[in-house]
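The values are calculated or read from the model by the stated rules, or taken from the named source; none is laboratory data. What you see is a predicted model, and the numbers here were worked out from it, not measured in a lab. Reconstructed Cβ throughout: ideal geometry from the backbone, glycine too, with neighbour counts over all protein chains shown.
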Amino acid sequence: MDFKSFTVTKMNVYVTVKDLKSINSHGIGDVKAQNALKGSDLSVENSAVGDLDLQLDYQSFDIHYTGVGDVRLTGKADKVEIDCTGVGDIDAYELIAHSMELEHSGVGNTKVYANESIHVDFSGVGEVHYKGNPKHKDIEKHGIGSVTSH
C-alpha cells in the first residue's frame, strides 16, 4: 500500500434536526454547534478525542464526558448535570444554570455557573471554579486540586 498518496483532509458534517434529544460522540473529531441548540432535554455522551463546543437553551442538560479534549458550553439551562471522567478542560462559565451538579473524577480544570444551587463532587486532578451566587452549596473535595468560588 502506498501511504505517500494518502491525504488527510478536513471534513465538515452538517446536521439539521427539529428536536435534538441526544448527542453521542465517539471516535476522533470536534463537535461544534453553529447555532444555539434548543429544546426541553438534551443528553450528551462524549468519549471522543476532540473538542466539544455547544451553545444551549434547554430546560435540562446532562453530559457524561469520558473523552480527551476540551469542552465549551454556553447559553442557559434550568438544570445541568456534568459527569467528567475524561481528560481536558471544561469551560461552562457562560452556561447559566439554576441548578448545577458536577461530578469530576477526571483530569483538567472545570468552570461552571450556578444561580440557585450547586453540588460538586470533586475527586479528580485539577481545579473547579464556580461563578454565580448559589443559595445552596454542597461541595465535596477528595481530589488533587481546589474548588473555589469566583
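Within segment 81-114, the set of residues being among the β-branched types (Val, Ile, Thr) and either over 21 Å from residue 34 (Cα atoms) or without any contact (Cβ under 8 Å) to a residue 12 or more places away in the chain (or both) comprises 82, 85, 87, 107, 110, 112.
Looking across segment 127-146 at every residue that is out of contact with any Ser or Thr (no Cβ under 7 Å at 6 or more places or on another chain) and under 19 Å from residue 72 (Cα atoms), the one that is surrounded by the fewest Cβ atoms within 10 Å (Cβ to Cβ) is identified as 131.
Table: residues versus (1) more than 11 Å from the chain's Cα centre (by Cα); (2) farther than 30 Å from residue 19 by Cβ.
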{"residue": "69", "(1), (2)": "no, no"}
{"residue": "96", "(1), (2)": "yes, no"}
{"residue": "113", "(1), (2)": "yes, no"}
{"residue": "124", "(1), (2)": "yes, yes"}
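Residue 77: among the aliphatic types (A, V, I, L, M), assigned to a strand (DSSP E or B) and closer than 18 Å to residue 23 by Cα, yes or no? Yes, satisfied. Within segment 96-148, track down each residue that is hydroxyl-bearing (Ser, Thr, Tyr) and closer than 24 Å to residue 60 by Cβ. Matches in segment 96-148: 99, 105, 110, 113, 117, 130. The single condition among (1) more than 21 Å from residue 137 (Cβ to Cβ); (2) touching a Leu at 6+ places or on another chain (Cβ under 6 Å) that residue 73 does not satisfy is (1).
Condition check ((1) farther than 26 Å from residue 40 by Cα; (2) aliphatic (A, V, I, L, M); (3) at pLDDT below 95) across all residues:
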| residue | (1), (2), (3) |
| --- | --- |
| 59 | no, no, no |
| 68 | yes, yes, no |
| 72 | no, no, no |
| 90 | no, yes, no |
| 108 | yes, no, no |
| 112 | no, yes, no |
| 137 | no, no, no |
